[in-house]
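**Student:** The structure is given below, and queries will be raised subsequently.
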Amino acid sequence: MHGPAMSGWMLVVLCTATGSYCLIRMRSCRGPGRKAAGGEALMGLGMAAMAVPATLFTLPRWHWMVYAVVFGAAAVHAVRPAGNGGRHLHHAVGCMAMVYMAAAMAGPGAHGAHTAGGVPLLTGVLLLYFAGYVLRSGLRLVPLAPAGGGPVPVADPAGSRPELVPACRVSMATAMLAMLLAL
């Protein structure tokens, strides 16, 4: 992504940690929960790879087209099931945002030339969506925090901490917001 290298590396660390946690969470989930964790792992690790600063190396144009195909397929996969519409719709929007950013990065002069990419109106709509998601979901996290001397949630033997799932989603949406700003 464009922008300072330090913020790019911070995004890489954040997204790698989130994606890795989602991979670990897949072990303890079954059915739709496992599928959601897998989608979130793909998104987190894909965002981490996309956020690697261009100062490290310049990727070939075909690399961004592979991103677009992978995340386009993930978007179709996310909207295909009929159940649990809200989360699947958010996964689809996130995947389509990744397709959009990959297409912008594959454009002429992108990634390394530090020119603006993408369509400003679409970028603005995606920024509004993810900003709204972060604010709405972030506010929902506040009651989840243990108050005073309340019981602290304990991880299950497989290493899954269900209270971290919403926090991971907020962190990925925040990273998406930062990536869109850097586009």
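The values are calculated or read from the model by the stated rules, or taken from the named source; none is laboratory data. None of these values were measured; they are calculated from a predicted model. Glycine gets a Cβ as well: all are built from the backbone with ideal geometry, and neighbour counts include every protein chain shown.
**Student:** Quick check on residue 155: is it hydrophobic (A, V, I, L, M, F, W, C) and at pLDDT below 65?
**Tutor:** So residue 155 fits the description; yes.
**Student:** Give the range 34-54 a look and list any residue that's buried (at least 20 other Cβ atoms within 10 Å of the Cβ) and part of a helix (DSSP H, G or I), or say none.
**Tutor:** Result: 36, 37, 39, 40, 41, 42, 43, 44, 46, 47, 48, 50.
**Student:** Which ones in the range 1-33 are among the small types (Gly, Ala, Ser) and either assigned to a loop (DSSP other than H, G, I, E, B) or under 11 Å from residue 52 (Cα atoms) (or both)?
**Tutor:** Answer for the range 1-33, where residues must be among the small types (Gly, Ala, Ser) and either assigned to a loop (DSSP other than H, G, I, E, B) or under 11 Å from residue 52 (Cα atoms) (or both): 3, 5, 7, 8, 31.
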